[in-house]
Amino acid sequence: MTGQSDNMKKYCSTVQPSHMAWPENIVVDQEAASTPLARKIIRKMPGVPLHTLSPGMNISELAGKDNRLVIYLKHYRGRFLRPCPATRKYRCCGYQIIHIGENCPLNCSYCILQAYFQDRVLKIWANQEDLWTELDMVLGRDRNRLFRVGTGEFTDSLALEHLTGYSADLAQFLGNYPNVCLELKSKIIDLSWMEKAPSTRKVLPAWSVNSPEIISREEGGASTLEERLKAAGTCADKGFRVCLHFDPIIHYPGWKKGYAHAVEMILDFLRPEHIAYLSLGSFRFMPGLKKTIIRNHPGSDYIYNEFITGLDGKARLLLTLRLEQFKYIAGKLKKGGVSRQIYLCMESDRVWKEALGYTPKDLGGLARHLLNLSFKDKAGL
Amino acid sequence: MNLAPDDINLTDPCLFWAQEPGEDYIQNIRELGQAEPVLIMAGPSEKILVAGFKRVKALKALGEKVLALKIPPADSRSKGLIYLLTNQGQTLDQARIISCLRYFSGLGDISEQIWKLLGIDPGSKIQGLWQSRLSLPPDWDRLAAENKICLECSQVLEHTSPEDLDILYPFFKELSWSRGNSLNLLTWLTEKSRMDQAPLSAYIEKLKLEQVLYSRLSPNDKIKIILKKVFQSRYPVLSQLKNDLAQRLGRISRGSRWRIEHKDEFESQQIQISTTINSQKDLEKALSQLEQISKSGVFDDWPVR
Ligand code: SF4
């Protein structure tokens, strides 16, 4: 942390978590400057220089080229709610993503965001009123239609929660929509949203999980597996069901031991009925990301595994190798009592059958199955 | 001023594209005379040529004096720039670009102006590739000049140790690789060595690639065998699967006119069966062979179940 940042820290009224350094600047779109969210965030960091971006100006003119950490409070004009990007060739889970911002303060070596954003500008959509309007329009249109929604396609759901309280606001807002279940997926610990969650049945706190070695080597700034599972245990104690995502599963020397340990830890902290669902996803990436990973994370040699080009054009681990991993991890989980909650991310029916013994069709379709699991009362599992 | 060719020093490094004149060129000078003066710079005891090497050599061959223009003294960078500007019409092939870049990089940084004069956009991907090329030892320039190694390969080789580069050098000196093959070879080798944290030379030795290189096989066969060995080492499981499948499909289609292929890297069980038919008789035969293939249980034994 720089001396300048130390100074800022003195003035800032927010406790800064370990996963994120102090921002050097806040930039706000003029149109968004008076929104409650922008005002709240600015108030939380009174020592951080604030710049207002007039209409027509570009953030790059203010953010500078020196790779500074910048918080950008943006008036977002795109669609807030989008379906999870799926492909025809592999089975997808029918999830809808609420777009709340872009970029992430964490530094996972495999993160796709490196290919999209070369800067350290953390964008937050500050015009929440527009978000509420759009959500009401889509989610409120037919209250009998169930939705699984989550944040964090282009960011971690909770990495900026200490500044924004976005997830808490969402949980509160969606409390009025009995047909919506909100999943909050993260690699850090922030349970502050809990206070505003109207019911334990409407929010599914979720963590990405991985073997402890992969977390410490490849997920810079993220919480340890133990911290994540402890937090998951706290949620379970409060009556929430949690979701876990083994994604990306990485093939590395000693992976069996690492993933067996991860499963053991999960079962130490959670009982099967605490887990709403659990996904397994093998590492897959746009071919262009490989060069970026080699450049930004030269020690991440899993990138030299036996990857092939999948039917969706993305690189993925050779089928035999990922099947072995799926079978192994699923086998351990099943032994521990986690079974029908397990699903595969972006895999074909053939892989499902081989790895799990069932296909999405056997479950009545993956999207429907996950909806059922999301809305199922805890006692019903 | 008119000078005797032997009174001019032709060895300044700024003449980085110096080229002996060919017969046609000498003939042109003989017929038309020297249309443009060469540029010289007066040194303490001699006259140093800054532009016009070919003309001086041609005039010397013809026993003529050289019409020269004297320019004020300049540092090496300016001399190089003058030379480059006076040679703007030259075709910019790999050999010319690299010799120019070597000259200026030897003087420190290469300015944006130089990149632009070479038709390379500063900050572009292609500039990055040339910078990688500069990081290779100068003896690799000759391979590039002979089109034996593509520009993209330089990037793959950028962080390779001098020892490993020495071991790789003969593979490019002796064989002419296509762009795709050379990139595959180097990418697979360097990735394998990074993954196992072992020098590249260890793989070359382990795979006995030098034995193949210096064998009596044809150059094409050498390339094929080297690539196969390196691929097997880089992708052991995938190559095993591919081998198994090739054998299985070969067995099933042996003796028939059908060609069976699988193109999805085992992500699906899809196969493509094709043949060419010229007559009704061909068609009948092909159909009966296809029936045999369908009874062979091609999918029962699929390498990835
Ligand atoms: S937490 Fe998610 S969004 Fe953030 S760097 Fe890691 S993978 Fe990327």
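Can you find a residue in region A:294-310 that is more than 14 Å from chain B (Cβ to nearest Cβ) and of a type in the set (Val, Ile, Thr)? No - not one qualifying residue is present in region A:294-310. Selection of first residues in region A:350-365 that are within 14 Å of another protein chain (Cβ to nearest Cβ) and of second residues that are not in a helix (DSSP H, G or I), restricted to Cβ pairs under 6 Å at least 6 apart or on distinct chains, gives the following pairs, ordered by first then second residue: A:Trp352/A:Leu344; A:Trp352/A:Thr359; A:Lys353/A:Thr359.
Yes or no, residue by residue, for (1) within 30 Å of A:Arg316 (Cβ to Cβ); (2) within 12 Å of the ligand (Cβ to nearest atom); (3) surrounded by 15 or more Cβ atoms within 10 Å (Cβ to Cβ); (4) free of Cβ contacts under 8 Å to residues at least 12 places away in the same chain:
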position	(1), (2), (3), (4)
A:Ser109	yes, yes, yes, no
A:Asp119	yes, no, yes, no
A:Val138	no, no, yes, no
A:Val149	yes, no, yes, no
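Scanning region A:329-353 for residues that are within 27 Å of A:Met286 (Cβ to Cβ) and either surrounded by 17 or more Cβ atoms within 10 Å (Cβ to Cβ) or in contact with a Phe, Trp or Tyr (Cβ under 6 Å, 6 or more places away or on another chain) (or both) returns A:Ile329, A:Ala330, A:Ile342, A:Tyr343, A:Leu344, A:Cys345, A:Met346, A:Glu347, A:Ser348, A:Arg350, A:Val351, A:Trp352. Taken over region A:151-189, the residue count meeting the criterion of being within 13 Å of the ligand (Cβ to nearest atom) and of a type in the set (S, T, N, Q) is 4.
The residues of region A:65-81 that are more than 23 Å from A:Lys44 (Cα to Cα) and either surrounded by 16 or more Cβ atoms within 10 Å (Cβ to Cβ) or free of Cβ contacts under 8 Å to residues at least 12 places away in the same chain (or both), listed by number, are A:Lys65, A:Asp66, A:Arg77, A:Phe80, A:Leu81.
Summed over region B:221-248, residues that are basic (Lys, Arg), within 28 Å of B:Gly297 (Cα to Cα) and away from every other protein chain (no Cβ under 11 Å) total 1. For region B:261-291, residues that are at negative phi and within 14 Å of chain A (Cβ to nearest Cβ) total 7. Among the residues making up region A:60-79, those that are of a type outside the set (Phe, Trp, Tyr) and farther than 15 Å from A:Leu50 by Cβ are A:Ser60, A:Glu61, A:Lys65, A:Asp66, A:Asn67, A:His75, A:Arg77, A:Gly78, A:Arg79. The number of residues in region A:244-267 being more than 23 Å from A:Ser109 (Cα to Cα) and not acidic (Asp, Glu) comes to 3. All conditions but one from (1) part of a helix (DSSP H, G or I); (2) closer than 30 Å to B:Asp7 by Cβ apply to B:Pro44; the one that does not is (1).
Exactly one residue among B:Leu245, B:Leu241 is surrounded by 16 or more Cβ atoms within 10 Å (Cβ to Cβ), within 30 Å of A:Tyr304 (Cβ to Cβ) and in contact with a Ser or Thr (Cβ under 8 Å, 6 or more places away or on another chain), and that residue is B:Leu241.
Take A:Leu191 and tell me if it is touching a Pro at 6+ places or on another chain (Cβ under 8 Å) and either of a type in the set (S, T, N, Q) or surrounded by 21 or more Cβ atoms within 10 Å (Cβ to Cβ) (or both). So A:Leu191 does not fit the description; no. Criterion first (within 14 Å of another protein chain (Cβ to nearest Cβ), closer than 27 Å to B:Leu175 by Cα and among the hydrophobic types (A, V, I, L, M, F, W, C)) does B:Phe299 satisfy it? No, not satisfied.
So which residues in region A:207-229 are part of a loop (DSSP other than H, G, I, E, B) and either β-branched (Val, Ile, Thr) or within 14 Å of the ligand (Cβ to nearest atom) (or both)? Residues satisfying the conditions are A:Asn210, A:Gly221, A:Ala222, A:Ser223, A:Thr224.
Since every read-out is calculated from the coordinates, none of them should be taken as a lab result. Bear in mind the structure is a predicted one, so any value in this text is a computation, not a measurement. Cβ atoms come from the backbone with ideal geometry, glycine included; neighbour counts cover every protein chain shown.
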